[in-house]
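Working notes, beginning with the structure itself.
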2 protein chains.
Amino acid sequence: MAYSIQTVAKKTGLAISTLRFYDKAGLLPFVARDSSGYRAFTDGDLALLHTIVCLKNTGMKIADIRRYIELVMAGPTTAKDRQALLAAHREVVVAKQQEIARSLAEIDYKLQMYASPDAEAKVAQEWALASADKEKNGLPNPFTA
Amino acid sequence: MAYSIQTVAKKTGLAISTLRFYDKAGLLPFVARDSSGYRAFTDGDLALLHTIVCLKNTGMKIADIRRYIELVMAGPTTAKDRQALLAAHREVVVAKQQEIARSLAEIDYKLQMYASPDAEAKVAQEWALASADKEKNGLPNPFTA
DNA sequence: CCTTGCCCTAAAGTATGGTTTAGGGTTTAT
DNA sequence: ATAAACCCTAAACCATACTTTAGGGCAAGG
């Protein structure tokens with residue numbers, strides 16, 4: 001009925017070593033042990049682990065995930081704290097997503113330049129401008145392949 | 001006319017130590033030195049540095065950014081290679097953005113639960129289910145705060 | 001009984017991306 | 001000519017997140 005660490009690794013895509021690392025880091029205090037000292041994961045544990053993976057995927061640090069899990073373990077009275085923690089994290093993630101989108105837009109601009117019919121000419125011009133910029137400042141020109 | 005490392009740090013928001021680290025890592029082969037051995041950044045250098053920051057912001061590894069810069073330094077003939085490199089990176093970034101969006105949606109689902117009027121009841125029920133899941137498997141129940 | 005395939009811990013090692021420290025020149029204003 | 005404010009390198013150090021290694025126990029089949 002309970003899952004072995006290997007089974008959970010396959011179900012989640014996490015390495016066995018990662019699961020043990022998370023456990024040691026305090027992320028899996030809810031995982032029980034069988035009579036041999038082996039970890040025994042229940043379906044409920046998988047649900048919590050899934051939440052941990054979501055937090056990890058969105059860039060939350062181990063220490064902060066641990067804080068969230070501690071609140072969960074402390075019982076229903078910590079609901080407000082969990083909400084605050086997740087809401088704050090949400091804002092961080094959204095901001096980072098926007099920053100990435102902005103940088104990606106600039107990369108797309110370059111890609112569009114490279115894809116244009118006169119890409120060659122544009123790249124050559126960039127090159128000429130960078131060279132001129134060096135000469136103008138009386139500096140050695142590294143753009144002389 | 002050229003910018004000192006401190007000026008560039010302020011303009012870009014990068015730490016001076018980070019700029020030196022990038023230089024040592026081969027990301028800034030285009031930055032010249034003045035007669036005292038001080039780095040002298042031109043406006044063209046800032047443009048290239050900006051591209052580097054975009055790649056960094058989107059999660060590109062230093063080693064891959066260096067590869068891109070190497071192509072730039074090698075001249076206009078490498079335009080096709082640069083395009084391929086950026087296009088491949090773009091796909092990686094878009095995929096990661098989507099994965100983050102999926103995880104964020106799950107976090108939002110939890111937030112919505114915490115925000116509902118009967119949040120208390122829902123959290124208590126979650127708690128009860130997790131406990132039952134342990135008992136069902138004859139395992140010690142850690143949810144007993 | 002013993003091999004095979006699981007499981008365990010503790011500790012060391014790896015990868016990445018920086019930051020800090022130590023020691024030392026340069027430039028500028030007083 | 002000296003202090004303050006810059007700049008430099010090399011190398012050590014740090015944080016984060018894992019992975020690998022070493023040594024060993026448990027369980028089932030032949």
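Bear in mind these aren't lab numbers, they're just calculated from the coordinates by the rules spelled out. Everything numeric in this text was worked out from a predicted model, so none of it was measured. Reconstructed Cβ throughout: ideal geometry from the backbone, glycine too, with neighbour counts over all protein chains shown.
Once whole DSSP H runs in chain A are found, which of them have Cα atoms spread over 20 Å or more along the helix axis and a mean Kyte-Doolittle score of at least -0.5?
Values: long enough: A:43-57 (21 Å, 0.63); A:79-115 (52 Å, -0.28); A:119-136 (25 Å, -0.67).
Span-like helices in chain A: A:43-57, A:79-115.
State whether the protein assembly as shown is rounded, prolate or oblate according to the following rule on the C-alpha gyration tensor (a ≥ b ≥ c being the square roots of its eigenvalues): a/c under 1.5 gives rounded; otherwise a/b larger than b/c gives prolate, and the remaining case gives oblate. Can you show the working numbers first?
On the way: a/c = 2.82, a/b = 2.72, b/c = 1.04.
It comes out prolate by the Cα gyration axes.
Using R₀ = 22 Å, calculate the FRET efficiency as 1/(1 + (r/R₀)^6) where r is the Cβ-Cβ separation of B:Ile16 and B:Gln98; round to 0.05.
Efficiency at R0 = 22 Å is approximately 0.05.
Using a 10 Å cut-off around each Cβ of peptide A:49-58, what is the average number of partner chain Cβ atoms that fall inside? Each step should come with its number before you reach the end.
Values: counts 0, 2, 4, 0, 2, 9, 3, 1, 8, 8.
Neighbouring Cβ atoms belonging to other protein chains average 4 per residue here.
Count, for each residue of A:103-113, the Cβ atoms from other chains sitting within 10 Å of its Cβ, then give me the mean as a whole number. Show your work: numbers first, answer last.
Values: counts 11, 8, 1, 7, 11, 3, 1, 6, 6, 0, 2.
For peptide A:103-113, the averaged partner shielding equals 5.
How do B:Thr77, A:Thr12 rank when sorted from fewest to most other Cβ atoms within 10 Å of their own Cβ? Show your work: numbers first, answer last.
Numbers: B:Thr77 12, A:Thr12 16.
Starting with the residue having the fewest Cβ neighbours, the order is B:Thr77, A:Thr12.
Please compute the length gained on full extension between A:Thr144 and A:Lys24, using 0.36 nm multiplied by the number of residues separating them and subtracting their Cα-Cα distance.
Values: separation 120, 0.36 × 120 = 43.20 nm, distance 5.42 nm.
Additional length available on full extension: 37.8 nm.
What lysines does B:Lys56 reach when the alpha-carbon gap must be under 17 Å and sequence neighbours fewer than 8 apart in one chain are set aside?
Reachable lysines: A:Lys96, A:Lys110, B:Lys11, B:Lys24, B:Lys96.
Under 1.5 on a/c is rounded, so check that first for the stretch A:1-103, then, if it is not, pick prolate when a/b is larger than b/c and oblate when it is not; a ≥ b ≥ c are the square roots of the alpha carbon gyration tensor eigenvalues.
Numbers: a/c = 2.67, a/b = 1.57, b/c = 1.70.
Oblate, since a/c reaches 1.5 and b/c is not below a/b.
Around B:Tyr3, which amide H atoms from residues at least 5 apart in sequence, or from another chain, sit under 5 Å from its own amide H, with H modelled in the peptide plane?
It is B:Phe41, B:Thr42, by chain and number.
Once every DSSP H run of n ≥ 4 in the protein assembly as shown is given -39500 (n - 2.57) and the sum is divided by its residues, what mean residue ellipticity at 222 nm do you get, rounded to the nearest 500 deg cm²/dmol? Could you put the intermediate results ahead of the total?
Numbers: 12 runs with 198 residues, N = 290.
Here the helix-only value at 222 nm equals -23000 deg cm²/dmol.
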